[in-house]
Amino acid sequence: MLTAHRLTRMIENGSKPYILSPKNDYVFRFLFGEEGNEDILISLLSAILGREVHQATIKNPYLMKFYSETKECILDIKAEIDGKVQVDIEIQLNKHPGLINRVLLYWSRLFASQIQEGDGYHVLKKTISVIILDGMGFTQEEFHAKYRLKDFVHSGELTDLIEIHTVELPKIHKLREQDRNTTRTHWMNFLNAQTREELEMAAEANTAIKKATDILMSMSRDEEARLRYEAREEFLFDQQYSLQEAERKGRAEGKEEGRIEGKEEGIKSNKQETAKILIQKGIDEQFIQEITGLDIEEIRAIWKTV
């Protein structure tokens, strides 16, 4: 049974209209990706990366433009910090099997975008991906993990040019048990706030969180922003529902085909059936490729038959 609920990300506000949640990726993108909010981004990145970030330039500043509900929104934030490190940061709301591939794809695009024809490889700077999850997708107990390229036999590091950080918000109770009074804890409390009281407590921690809270409260009072927020929540719900339904039907079809054609053909049929259902739901081909592993050409061929 599918148990997804619409508009689950909200902050309780007593008898008043709910406050928008910063976990919504549209809101997150506006808070941390708007020109003029570099100080907020610097504070958050310093907390997650575990080192002091002094300067940040947002490379894809937010534009007040919203996509239709049938299109995939790309809401990651690209920035350069301290003039020498590239960072891609996003909050991911829906779980899907292609998460790691998605993170690596975004990292590789940002890394490769630094070099132009005729440049030497020396121009390539350290590139960091930060993925914040509103769910649990990894096995480690800690809420925060940091990955680099290392030799797993001799423990030597190949390079520090690639670095990936994952943050799983449902695990922040582990962080609270370790240290209640750090900037990292306060930021996680802000992102994960469920009530206005929790939000205001986080805002007391430092000026950057207070600024983020003030912007959030202002957005919550703006009718147009609320409509965009609710449209995004509806899209995310429909996307997750479609994915769950496609996986269920795909497994059923794949099992049936597997009985007739053998295991390999059954698995392939499973993927094709999943792709077909997602196409019918209006999901874009890149997302379908991440979920199914099918080639774009094969997805387009399936699209022609739908």
| request: Just flag the GluC sites (Glu not before Pro) in region 124-159 sitting in loop per DSSP whose Cβ has no more than 16 other Cβ atoms within 10 Å. | output: Glu141, Glu142
| query | Shape call for region 74-166 from the C-alpha gyration tensor, a ≥ b ≥ c root eigenvalues: rounded (a/c under 1.5), prolate (a/b greater than b/c) or oblate? | reply | oblate
| query | What full-extension length gain, to one decimal in nm, is calculated for Glu204 and Glu157 as 0.36 nm per residue of separation minus the Cα-Cα distance? | reply | 12.9 nm
| said: I want the local charge near Leu158. Using Cβ-Cβ distances under 14 Å, sum +1 for each Lys or Arg and -1 for each Asp or Glu among the other residues. | reply: -1
| query | Taking 0.36 nm per intervening residue step and subtracting the Cα-Cα distance, what contour gain separates Gln55 from Leu149 on full extension? | reply | 31.2 nm
| How far apart, in nm, are two points set 7 Å out from the Cα along the Cα-to-Cβ line at Glu230 and at Asp119? | 4.5 nm
| task | For Arg221 and Glu35, compute 0.36 nm times the residue count separating them, minus their Cα-Cα distance, and round to one decimal in nm. | result | 64.9 nm
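Rule-based calculations on the coordinates, nothing more; no lab input. Keep in mind that this is a model prediction, so the values were computed, not measured. Glycine gets a Cβ as well: all are built from the backbone with ideal geometry, and neighbour counts include every protein chain shown.
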